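**Q** Dropping a structure here in structure tokens format, bear with me for questions.
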Amino acid sequence: MPGSPGNAAVVGSGPNGLAAAITLAQAGVPVVVYEAESIPGGGVRTLELTLPGFRHDFGSAVYPMGVGSPFFRKLPLAAHGLDWIHSPAALAHPLDDGTAVLLMRDLDEQCRLLEQDGAAWRRIVEPLSRGWWALADDILQPLSPLPRHPLLLARMGACGALPASVLARRSFKGERARAIFAGLAAHSFLGLDQSFSSSFALVMAATAHAVGWPIPRSGAQAITDALIAHLQSLGGVVRTSTPVERIEDLGAVGVTMCDTTPRQLLRLAGERLHSVDRHRFEGFRPGPGIFKVDYALSEPIPWRAKDCALAATVHIGGDMTEIAASEYAVTHGETAAHPFMIVVQPSLFDPSRAPLGRHTAWAYCHVPNGSTEDMLPRMQAQMERFAPGFRECVLARRVFPPADLEYMDRNFEGGDISGGAVDGLQLFLRPGWRFYATSDPSLFLCSSSTPPGGGVHGMCGYNAARMALRRLQK
């Protein structure tokens, strides 16, 4: 793997690695991306995981942060084949009474649907959704004492710092609004009784109204392929089936960007890192994991609440009390009896995902990091609760406990898809006060273990590459 001091190397071809590579290539730096797997993309891949012709998104599947990313927004990804599909509703949340709460892109319609809680929803969410691009400038960057939009950020912080259960009970009178808010907050992998869990719900709601929750036509791989095509148009190179075991294997390069977890970086860099770095990387805490199931289906999921057919994303978890109990169990090292689940049904809106008349879906629930508990029976019971007859629709399934997810993507350590826990200081200082830099001036971390954290937005890679460019220009 020859190199030169004027070159850059990127380890890992996830969206953050590709974003870092594109940022460097835009500045005229020759860059090579090294990917261990034969198919690039990390958690943003589409594979035939069950039966021939059934295309499943291995990791992420719905992309509010992708379409809402300030960095991706500036790239000509549509020219490279990326086409976003918006389902009529961003989200459906079925309840035990046979109805579903919908999250609509149109804020006025959303407030109408929430009836008595519509005014409260507008008061909390509207400033953030209308100011999304300004808000994104601040929250998708490292924590700064001088934010670009301090009043908007302060408004976000005033509500976002609260536990989701507290904000929901204070703001909403009805269980329907509380339930949908709790499901949005559960994307944080925090307990709903933990500080800042509300901030995740607010971001998810704001993006729904500002940019939507789209899926990419043909699957997640379309995002990766578009990023790679743009990188190649800038002269960048992607080498698949090329694992990097040590940084020294890359030869002499000006900067190396690692789209890896801190623990992987330790293995790659070893003694090149100062003991302070080694200590903070060893102490970086992983987040909870997920237990994921991909389904090949003979027909659409038979939801009892028919409105669930309007949304690519469905939250399974009942009311706020049940969701809170599920997330509390996980954050205390246990598995939930009635797990909160995120279900995605892309083939309802993108027929390219399955053979004619057939469908795909995936579902996951949260589990403690590295859990070996078989969650399939509990997940199937949850599905039958809200979609009676679901079992009869299943042609095949592929089960991914945390260990299997990590085998497929080294960044998913213990099933953690968030790049590390987001409680305490790790929410703001990821993986420490240096953010992307290390004690080796040529070595940078650019994964979701750095600010702003998880989500397919490329901002970790973009921010890290900008820091690396400043080092190169000195």
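**Q** Of all residues in region 33-83, which are β-branched (Val, Ile, Thr), closer than 21 Å to Gly235 by Cα and open to solvent by 30 Å² or more (accessible area, probe 1.4 Å)?
**A** Of all residues in region 33-83, those β-branched (Val, Ile, Thr) come to 33, 39, 44, 46, 50, 62, 67.
Within this subset, residues satisfying the condition of being closer than 21 Å to Gly235 by Cα are 33, 39.
Within region 33-83, Ile39 is the sole residue that qualifies.
**Q** Mind checking which helices (runs of 4 or more DSSP H) fall wholly inside region 364-434 and carry at least 3 residues that are open to solvent by less than 40 Å² (accessible area, probe 1.4 Å)?
**A** Details: elements: 376-386, 390-393, 402-408.
Output list reads 376-386, 402-408.
**Q** Right, something else. Test His279 against the stated conditions and say whether it is farther than 25 Å from Glu37 by Cβ, at pLDDT below 95 and of a type outside the set (Ser, Thr, Tyr). Spell out how you get there, then give the answer.
**A** Values: farther than 25 Å from Glu37 by Cβ: yes; at pLDDT below 95: yes; of a type outside the set (Ser, Thr, Tyr): yes.
In short, yes.
**Q** When you check Met467 against the structure, is it without any contact (Cβ under 8 Å) to a residue 60 or more places away in the chain and either in a strand (DSSP E or B) or of a type outside the set (S, T, N, Q) (or both), yes or no?
**A** Yes.
**Q** Follow-up. Can you tell me which residues in region 84-109 are open to solvent by 10 Å² or more (accessible area, probe 1.4 Å) and β-branched (Val, Ile, Thr)?
**A** Those that are open to solvent by 10 Å² or more (accessible area, probe 1.4 Å) and β-branched (Val, Ile, Thr): Ile85, Thr99.
**Q** What's the total number of residues in region 326-362 that are among the hydrophobic types (A, V, I, L, M, F, W, C), open to solvent by 40 Å² or more (accessible area, probe 1.4 Å) and in contact with a Ser or Thr (Cβ under 6 Å, 6 or more places away or on another chain)? Steps first, answer last, please.
**A** Within region 326-362, the subset among the hydrophobic types (A, V, I, L, M, F, W, C) is 329-330, 336-337, 340-344, 348-349, 354, 356, 361-362.
Checking the rest, the ones that are also open to solvent by 40 Å² or more (accessible area, probe 1.4 Å) come to 337, 348-349, 356.
Narrowing further to those that are in contact with a Ser or Thr (Cβ under 6 Å, 6 or more places away or on another chain): 349.
The number of residues fulfilling the criteria is 1.
**Q** Across region 64-108, what is the number of residues that are over 24 Å from Ala220 (Cβ atoms), part of a helix (DSSP H, G or I) and either in contact with a helix residue (DSSP H, G or I) (Cβ under 6 Å, 6 or more places away or on another chain) or of a type in the set (Lys, Arg) (or both)?
**A** Residues flagged as over 24 Å from Ala220 (Cβ atoms), part of a helix (DSSP H, G or I) and either in contact with a helix residue (DSSP H, G or I) (Cβ under 6 Å, 6 or more places away or on another chain) or of a type in the set (Lys, Arg) (or both) within region 64-108 amount to 1.
**Q** Right, another one. Within region 291-340, which residues are within 12 Å of Ala182 (Cα to Cα) and part of a strand (DSSP E or B)?
**A** Filtering region 291-340 down to residues within 12 Å of Ala182 (Cα to Cα) leaves 315-327, 340.
Selection gives His315, Ile316.
**Q** I've got another one for you. Does Arg148 count as within 23 Å of Ala464 (Cβ to Cβ), touching a residue at least 12 places away in the same chain (Cβ under 8 Å) and either of a type in the set (A, V, I, L, M) or open to solvent by 40 Å² or more (accessible area, probe 1.4 Å) (or both)? Steps first, please.
**A** Working: within 23 Å of Ala464 (Cβ to Cβ): yes; touching a residue at least 12 places away in the same chain (Cβ under 8 Å): yes; either of a type in the set (A, V, I, L, M) or open to solvent by 40 Å² or more (accessible area, probe 1.4 Å) (or both): yes.
It is true that Arg148 is within 23 Å of Ala464 (Cβ to Cβ), touching a residue at least 12 places away in the same chain (Cβ under 8 Å) and either of a type in the set (A, V, I, L, M) or open to solvent by 40 Å² or more (accessible area, probe 1.4 Å) (or both).
**Q** What pairs come out if I take residues in region 268-293 that are open to solvent by 50 Å² or more (accessible area, probe 1.4 Å) and pair them with residues that are modelled with pLDDT of 95 or more and not in a helix (DSSP H, G or I) whose C-beta lies under 7 Å away, six or more apart or interchain?
**A** Listed pairs, sorted by first residue: Arg272/Leu443; Arg285/Gly420; Arg285/Ala421.
**Q** For region 152-191, name all the residues that are open to solvent by 20 Å² or more (accessible area, probe 1.4 Å), more than 29 Å from Gly289 (Cβ to Cβ) and not in a helix (DSSP H, G or I).
**A** Lys173
**Q** Related question: Go over the candidates Phe189, Phe200, Phe181 one by one and state the one that is of a type in the set (Phe, Trp, Tyr) and more than 18 Å from Gly454 (Cα to Cα).
**A** Working: Phe189 fails: more than 18 Å from Gly454 (Cα to Cα); Phe200 fails: more than 18 Å from Gly454 (Cα to Cα).
The match here is Phe181.
The values are calculated or read from the model by the stated rules, or taken from the named source; none is laboratory data. Keep in mind that what you see is a predicted model, and the values were worked out from it rather than measured. Positions of Cβ are backbone-derived with ideal geometry, glycine not excepted, and every protein chain shown enters the neighbour counts. Ligands, DNA and RNA are stripped out before the accessible areas are found, and what is left, the full protein with its side chains, is counted by its heavy atoms. Shrake-Rupley method; radii C 1.70, N 1.55, O 1.52, S 1.80 Å.
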